[in-house]
Amino acid sequence: MDNQKTIAREVSLEGIGLHTGNKTKLIFKPAEANSGINFVRTDLAGSPMIKASAENVSVQLKSPRRTSLGKASAEIHTIEHLMSVLFGLGIDNLIIEINNKEVPGMDGSGLDFIQAIKSAGIKELDNPRNYFTVRDPIYVEEENASLVALPFDGFKVSYTLNYEHAFLKSQFKSLIIDGISFESEIASARTFCLEEEAQELQQQGVGLGANYDNTLVFGKGGVIKNRLRFEDECIRHKMLDLLGDLNLLGQPIKGHIIALRSGHALNLKLVKKILRQKQKAMSGGIAIDYRPVEGQKLEAVDIMKILPHRDPFLFVDRILELQPGKRAVGIKNVTINDYFFKGHFPQRPVMPGVLMLEAMAQVGGIMMLSPDANRGKLAFFMAINNVKFRKTVVPGDQLIFEVIAGKIKSKTGQVSGKAYVDGKAVVEADFMFALAGPNES
Ligand code: ZN
């Protein structure tokens, strides 16, 4: 069995932040199973704790070229190299006390963090590790970059780097990552930038703690005032960054990550996409992470952004009208090709009544979860009352569902629905839903 790990005893280290130039001290402390990686800003009143997870990542625009956490007014910048080391060594649980706002850059790689953790010793806990296993391909892309996660028994990263620079033309590296390969191949690769960027970045107040020792600066003639640790040190560093960002998923991964020119923003996009899919898959409920506009019409592609349901369990073709939290009208064109007619009275095809209720509930879910206050929540059936089936529905019918909100509270929602064919009511029902936050159920 593969168990969770923390460190055996406290250890500290000090250094200068690459971007802020601030001198900072870190203290690593052992943590309980299932607690994850948590930073504590000991220099701020109340010593706020910020979990290293995707939901606490602060906006990239505010802090370019690094991965940062933010919660209320507490920020922690440039966590990626440290997070990468924790990923590589399989440290699942750790408290990191920090007395300033940026994790020190050390030598620009993960080397000092590895040494600190190893000097503290790694301790195995009694609880098993909980892996996220990639079962279907998941991908995200931006202009010139893409990132794909594929099923794989183990964990592998394949990276392709390609910059418009003589010394950073296309490099490719593929590696099965475990504690040993991480330490020997990835951990000591240092951060880098191009000479022409360096000045511009420092003018923007970025890279104030960077120098030719902790950052590889590539000029026309190659690396300035430094020597490479590996011929392909840059691609190894990009892999280091990627692993650190993936660690914000909050659990270890089984899969093969294929990255093309990917950086922090895209890495985080993948993590968030995985989290959304996980949430939907686990819930079997209705979740919404999309901001509908008042009175908006939604086509099938938009509906699929909202509902986790897919063929054969998506029963809404289009939303004709949406007043978030108040009312929605959806349609379903019933055709002989709908799979349920195969087994439901094939001689005399009739749409099953429970599927009409499900379809109505799907329209209700879209309406109920679209206001800001309920975004990110999941809806589960608690009760269905006052169901009346008035007419049978057959292939060729167009079902129109109208749902109206009753009492919507923070944890429950009442919805009344009616379905019509050709203006005549065919079914009506009152639904009671439980509304749960993404981590409750
Ligand atoms: Zn980096």
### Top-ranked residue of region 69-93 - restricted to ones that are in contact (Cβ under 8 Å) with a residue 40 or more places away in the chain, in contact with a Ser or Thr (Cβ under 7 Å, 6 or more places away or on another chain) and aliphatic (A, V, I, L, M), ranked as farthest from the ligand (Cβ to nearest atom)
ILE91
### Message
Go through (1) touching a Leu at 6+ places or on another chain (Cβ under 9 Å); (2) without any contact (Cβ under 8 Å) to a residue 60 or more places away in the chain; (3) surrounded by 14 or more Cβ atoms within 10 Å (Cβ to Cβ) for LYS409 and report which single condition fails.
### Response
(3)
### Task
Assess whether PHE113 counts as being closer than 21 Å to GLY154 by Cβ and either assigned to a strand (DSSP E or B) or touching a residue at least 60 places away in the same chain (Cβ under 8 Å) (or both).
no
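Right, GLU75: surrounded by fewer than 21 Cβ atoms within 10 Å (Cβ to Cβ), more than 18 Å from VAL271 (Cβ to Cβ) and of a type outside the set (Lys, Arg) or not?
yes
Please tell me if LYS51 is surrounded by fewer than 18 Cβ atoms within 10 Å (Cβ to Cβ) and either within 16 Å of the ligand (Cβ to nearest atom) or closer than 22 Å to HIS264 by Cα (or both).
Spelling it out, LYS51 is indeed surrounded by fewer than 18 Cβ atoms within 10 Å (Cβ to Cβ) and either within 16 Å of the ligand (Cβ to nearest atom) or closer than 22 Å to HIS264 by Cα (or both).
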### Query
Name the pairs whose Cβ atoms lie under 9 Å apart, with the first residue in region 243-256 and more than 13 Å from the ligand (Cβ to nearest atom), the second part of a strand (DSSP E or B) and of a type in the set (Lys, Arg), and 6 or more positions between them or separate chains?
GLY250/LYS51; GLY255/LYS156; HIS256/LYS156
### Task
Return yes when GLY21 is touching a residue at least 60 places away in the same chain (Cβ under 8 Å) and assigned to a strand (DSSP E or B) and no when it is not.
no
### Query
Any residue at all in region 431-440 that is assigned to a helix (DSSP H, G or I) and surrounded by fewer than 19 Cβ atoms within 10 Å (Cβ to Cβ)?
no
### Query
Restricting attention to region 105-121, which residues are buried (at least 19 other Cβ atoms within 10 Å of the Cβ) and within 13 Å of the ligand (Cβ to nearest atom)?
GLY105, MET106, GLY108, SER109, GLY110, PHE113
### Query
Give me the pairs: first residue in region 183-209 and closer than 23 Å to LYS156 by Cβ and in a helix (DSSP H, G or I), second residue among the β-branched types (Val, Ile, Thr) and away from the ligand (no atom under 13 Å from the Cβ), beta-carbon distance under 8 Å, and six or more apart or on different chains, which are they?
GLU183/ILE114; ILE186/ILE177
### Query
For ALA149, are the conditions met, namely being modelled with pLDDT of 95 or more and under 15 Å from ARG236 (Cβ atoms)?
no
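On the basis of being surrounded by 15 or more Cβ atoms within 10 Å (Cβ to Cβ) and either part of a strand (DSSP E or B) or touching a Pro at 6+ places or on another chain (Cβ under 8 Å) (or both), does SER146 make the cut?
On the way: surrounded by 15 or more Cβ atoms within 10 Å (Cβ to Cβ): yes; either part of a strand (DSSP E or B) or touching a Pro at 6+ places or on another chain (Cβ under 8 Å) (or both): yes.
Judged against the criteria, SER146 is a match.
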### Query
Does VAL140 satisfy being touching a helix residue (DSSP H, G or I) at 6+ places or on another chain (Cβ under 7 Å), in contact (Cβ under 8 Å) with a residue 40 or more places away in the chain and over 14 Å from LYS238 (Cα atoms)?
yes
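The values are calculated or read from the model by the stated rules, or taken from the named source; none is laboratory data. Since we're looking at a predicted model, the values are computed, not measured. FYI the Cβ positions are ideal-geometry reconstructions off the backbone, even for glycines, and counts take in every protein chain you see.
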